[in-house]
Structures are given as C-alpha cells and as structure tokens.
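Encoded as structure tokens, the structure appears first; notes follow it.
The values are calculated or read from the model by the stated rules, or taken from the named source; none is laboratory data. All of these numbers come straight from a predicted model, not from anything done at the bench. Here the Cβ positions follow ideal geometry from the backbone for every residue, glycine too, while neighbour counts run over all protein chains shown.
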Amino acid sequence: MSIDPRAALSALTTALEEHLVAASARRGEEDPIVEATFLGIIDAFEAYEEALFDAFDEVTPLVIYGEDGEDIDEDDEDEIESDEESEAANEQ
C-alpha cells in the first residue's frame, strides 16, 4: 500500500520544520537532536519521493548527499545511523 503523496509532502515539511527548531536550539557541535532531525528529513524525503513516483511516475530534482559528497540510498542511511550510534557510544 503506497502512501498519499500529499501526506508524504506534509510529513516532509514537518521534518524540515523540526530540523529548523532543533538547529536553532543546538547544544554543541554534535547535538543528537539535530542529528536525529537531520535523519528525519532523509526518511521523510525518501517517503515523499517514493509516494510521488508511485502515484505519478515523477521524481524531484533533489538528491540526498552523505558526508563524503556522494549521494546516498537507504542502505547507506542505515550505515550512517550505525556509525553515529557507535561514535556516540565511544564518547560516553
């Protein structure tokens, strides 16, 4: 069952707004809330892109890039989350 593109767009807009709030209240260079909302944007964007494609065979002109400047896919995103969790555990 695919998601409605309008609902996915609304979720993406919400994710962007949440990131703005987190960024404006940032507590340090690697604030976990900012990082979580950053990843939330990626998840919401991918859901929107998929819903848009499923409904209309259309995509956006946007690409998600990783830290190295390479565009990432869902498998890469899981790796980024795992790396960030490992780094957070090492800092404690």
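Descriptive notes on the structure:
- Qualifying residues in the range 1-21 (those that are among the small types (Gly, Ala, Ser) and exposed (fewer than 14 other Cβ atoms within 10 Å of the Cβ)) - the one nearest to ALA55 (Cα to Cα): SER2
- Filtering the range 79-92 for residues that are outside any helix (DSSP H, G or I), modelled with pLDDT under 95, surrounded by 13 or more Cβ atoms within 10 Å (Cβ to Cβ) and hydrophobic (A, V, I, L, M, F, W, C) leaves an empty set.
- Taken over the range 22-35, the criterion of being surrounded by 12 or more Cβ atoms within 10 Å (Cβ to Cβ) and of a type in the set (A, V, I, L, M) is satisfied by ALA22, ALA23, ILE33, VAL34.
- Taking first residues from the range 44-55 that are more than 14 Å from LEU16 (Cβ to Cβ) and partners that are surrounded by 19 or more Cβ atoms within 10 Å (Cβ to Cβ) and not basic (Lys, Arg), the Cβ contacts under 6 Å between residues at least 6 apart in sequence or on separate chains come to ALA51/PRO5; ALA51/ALA8; LEU52/PRO5; ALA55/PRO5.
- Residue selected from the range 36-75 under the condition part of a helix (DSSP H, G or I) and hydroxyl-bearing (Ser, Thr, Tyr), by the criterion surrounded by the most Cβ atoms within 10 Å (Cβ to Cβ): TYR48
- When the range 8-60 is filtered for residues that are farther than 20 Å from ILE72 by Cβ and over 16 Å from the mean Cα position of the chain (by Cα), the ones remaining, listed by number, are SER24, ALA25, ARG26, ARG27, GLY28, GLU29, ASP54, ALA55, PHE56, ASP57, GLU58.
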